[in-house]
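First the structure, in the form of structure tokens, and then the observations on it.
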Amino acid sequence: MKNKILIIALLLTAFAFRAYSNEIEFTKGTYAEVLAKAKAENKVLMIDFFTDWCKWCVELDKKVYTNSEVADFANAKQINWKIDAEKGEGIDLAKKFNVSGYPTIVFVNGDGNEIDRIIGYFPAKDFLQTMKDYNEGKNTLPSIKSALEKSPDDVEANFKMGKKISDYGEMEKAKSYLDKVVKLDPDNKAGYTDDAELMIVQMSNKTENIEAFIKKYPESDLLKQAYISLAEISFSEGKTDKADGYYKILFDKYGKNDEEITFGYAQFLISKIYAISKKNDANQSDYKKAIELANECLNYTKGSTSEGSCYYYLADFYFRLGDKAIANEYIEKAILVHDKKAYRELQEKINK
């Protein structure tokens, strides 16, 4: 009986530990050591190149690497390793793999040959699918190149190449593949032409082109991305009211719980607050407006590094209004979310 109780207790302890540590486990060691481990275990090595100042690296840690499905797959199928691209051997490795933006996640085989990479922040669902694809050798740059060599007029392969190259920032080259998709399949029979056309009009950075896409494809499942692009471009052109209008359409159409929309809207609000913070002639009315926007922004940023940005601006503008006590409360919250130099500097300024 005692043995049974002991076994149950051990099982419960193991389950509790598994539940508690449900995040990606990053192997310690040098590049040579983790590469040797990947080769010995016949696994893919995932290298996360990060920096101390990279906001989206923190976002990956908080929202993607702690996702249970992402963690379960990565821990079972890969060797996972983090390296600061600006320190130690990370400097030379970043040069070796031609890493210039962060985060960049490079996947290599046991011989150190690159399979493919993820550039920038991907939400958990997309990150998981991309990881799975790379482990299976699917949708990688080499596999897409091979498909095009076998069949240069393959619509799917041309679209995937255009998308892949655009992820690498080579927009003109990507556009040539996307244009070919439209030419090969003008009636969208394969289901990639509307995707290609949206990417083309997004590259143009012109609202009239995206509006024309919406009129052409009123039932497309890409309308959400189209309206988000309209909002972003409108704001970049200084047309804040138009951007607000597009977000209203998005919220009316898809609700206020859509992660992609709320993420974009939060960045829009933060940009509006930042603009106020840089106004040379800002007054108390502007400060109060910024506080109102920051409080609204908190509704869309819970659990992300952007939540820290909202607290930072609340601290900043309450400080400008002369309320040091509230300002100090908010800057402490900001530091808890993301301990960064700018937040510490504001805290010192408030407490002088």
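A few notes on this one:
- Test: residue in the range 272-287 that is among the aliphatic types (A, V, I, L, M), over 18 Å from the mean Cα position of the chain (by Cα) and outside any helix (DSSP H, G or I): yes
- Pairs are defined by a Cβ separation below 8 Å, a sequence spacing of at least 6 or placement on different chains, a first member in the range 147-165 that is farther than 10 Å from TYR177 by Cα and surrounded by 15 or more Cβ atoms within 10 Å (Cβ to Cβ), and a second member that is of a type in the set (Lys, Arg) and at pLDDT 95 or above; the pairs so defined are ALA147/LYS160.
- Residue match in the range 303-310 (condition: surrounded by fewer than 20 Cβ atoms within 10 Å (Cβ to Cβ) and of a type in the set (A, V, I, L, M, F, W, C)): no
- Residues of the range 335-352 satisfying the condition of being among the acidic types (Asp, Glu) and either touching a residue at least 24 places away in the same chain (Cβ under 8 Å) or outside any helix (DSSP H, G or I) (or both): ASP339
- Count of the range 200-253 residues which are closer than 27 Å to MET161 by Cβ and among the basic types (Lys, Arg): 3
- Those residues of the range 1-42 which are in a loop (DSSP other than H, G, I, E, B) and at pLDDT 95 or above, in sequence order: ILE24, GLU25, PHE26, THR27, LYS28, GLY29, THR30, GLU41, ASN42
- Given (1) outside the structural domain of LYS55 (by TED's automatic domain parsing); (2) in contact with a helix residue (DSSP H, G or I) (Cβ under 8 Å, 6 or more places away or on another chain); (3) farther than 30 Å from GLU208 by Cβ, number of the condition LYS150 does not satisfy: (2)
- All of TYR121, TYR134 fail the test of being surrounded by 15 or more Cβ atoms within 10 Å (Cβ to Cβ), touching a Cys at 6+ places or on another chain (Cβ under 9 Å) and assigned by TED's automatic domain parsing to the domain that holds PHE49, apart from TYR121.
- Qualifying position, being hydrophobic (A, V, I, L, M, F, W, C) and closer than 26 Å to ALA32 by Cβ, among LEU184, LEU141, LEU128: LEU141
Residue-wise test of (1) surrounded by fewer than 18 Cβ atoms within 10 Å (Cβ to Cβ); (2) in contact (Cβ under 8 Å) with a residue 24 or more places away in the chain; (3) not assigned by TED's automatic domain parsing to the domain that holds TRP53.
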site: LYS239; (1), (2), (3): yes, no, yes
site: GLU260; (1), (2), (3): yes, yes, yes
site: TYR265; (1), (2), (3): no, yes, yes
site: ILE270; (1), (2), (3): no, yes, yes
site: LYS289; (1), (2), (3): yes, no, yes
site: CYS297; (1), (2), (3): no, yes, yes
site: TYR312; (1), (2), (3): no, yes, yes
site: GLY322; (1), (2), (3): yes, no, yes
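The values are calculated or read from the model by the stated rules, or taken from the named source; none is laboratory data. These numbers were taken from a predicted model, which means no experiment stands behind them. Note that we place each Cβ from the backbone using ideal geometry, even for glycine, and neighbour counts take in every protein chain shown.
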